[in-house]
Amino acid sequence: MTLPCPQWVGLKTGAFERRQRSCLKRPVKKLARVILVADSDAFSRELLSSVLARSGYRVIPAATARETMDKASRVKPDIILIDTALPDMDGFETCRRLRHNPATETIPLLLMEAAAEPGAQERALLAGAEGSTSKAAISGELVSRLNRLFWPLEAEKASDTLTRLLQYRAFLSQTTRLLSKNEPLALLAVKLVGFRALSPKEKEQAIRLGAMAIREALAILGKPSDIASYQGRGNFLVLTSPYRASVLCRRILARFQSLAASFLTSQPPPSLVIGGVTNLQRGFSNVSEIIRLAEQGGKYARRRGLGHYLASWEKSLLGEAVPPPPPAPFRGARLQGE
């Protein structure tokens, strides 16, 4: 038998139920984000914990890679910070193992190095992390990076489990907001060519590789405002600036070509084609319109043997009699070997 709280004893009939309903409607206090900090240096670990605690995070410490993997599986933190020089296993291998564990594969990872080194971001991305940061910038830069990593989590855990890209609904919401503000943007429709001929296992692997190529390109060449999403059936969408669109396309195409040759056994391996539209010359009334035109650009690029084609006006996508692409940065680029 459940006894009522003493402050509710003596209430008239129905008052207990009304008070109970009013309590259920009260807002619940938001819990602090949980960060797992893996660092073998006790002083550095304490300093990190102090900085993060002052910023409102709850910190769980770990001194070894094995302890990190164990606590990550049990606690499921929101983000894991990993020192590259752990005693029992380096941080890069720790990242790879966390990515191969179904319990931790979707948790954002950030590597920490004693000093910033050339190529650190690329090595971190290849290991499965979201990037790397220097311990020298342990306060301002680190908190800023963490805030950017937490942003997708605010949109209903917006990271898709297969691709680790923004969920499609959240992507549409962000795109609609930018269109309403009439800010300069470029929308890229990235399509896997040869996707239907793949086996179910190869399709999943091709989707992962396509998402990896897009994530790496955005991390190295993009800005925090750039976003990407997976539509389904081998189709991705990328929202970026018109002035970064062409270089992003070339990076995505080249990286996927390299990954597909290494990890996919189907012959011929699938490839990517990218169509894109900018709003520099005209506006768009809704998201479906700009997506449709970007997909038309991809079809045109495929017919013409281009790796990608970007246009800033609609009529250039609606027929075969297409004028030459505008000058850089919107010129379509052929891949090497095409």
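Here, each number is a calculation from the coordinates, and none is a lab measurement. These figures come from a predicted structure and were not determined experimentally. Ideal geometry is used to build each Cβ from the backbone, glycine not excepted, and the neighbour counts take in all protein chains shown.
Of note:
- Highest average packing first - 198-204, 212-218, Cβ atoms within 10 Å: 212-218, 198-204
- Contour excess over end-to-end distance, with Cα ends at ARG282 and GLU122 and 0.36 nm allotted per residue: 54.0 nm
- Spin-label pair SER50-SER225: with each label point 7 Å from Cα along the Cα-Cβ axis, the two points sit 3.7 nm from one another.
- Under the simplified labelling scheme, the ASP41-ARG304 pair shows an inter-label distance of 5.3 nm, with each label point 7 Å from Cα along Cα→Cβ.
- Phi-based couplings in Hz for segment 294-304 (Karplus 6.51, -1.76, 1.60; Gly and Pro marked x): 5, 5, 4, x, x, 5, 5, 4, 5, 5, 8
- For trypsin sites (Lys or Arg not before Pro), no site in segment 44-86 is both called loop by DSSP and has at most 11 other Cβ atoms within 10 Å.
- Protection proxy ranking, peptides 269-279, 219-229, 121-131, average beta carbon neighbours within 10 Å, highest first: 269-279, 121-131, 219-229
- Centre separation in Å (Cα based) which lies between segment 242-288 and segment 29-72: 37 Å
- Cut-off under 5 Å, modelled amide H: who pairs with MET112 long-range: ILE82, ASP83, THR84, THR133
- Across segment 214-219, rounded Karplus estimates of 3J(HN,Hα) from the backbone phi angles (6.51 cos²θ - 1.76 cosθ + 1.60, θ = phi - 60°) give 5, 4, 5, 4, 5, 5 Hz, Gly and Pro being marked x.
- Between LYS201 and GLU67, the simple label model (points 7 Å from Cα in the Cβ direction) yields a spacing of 3.9 nm.
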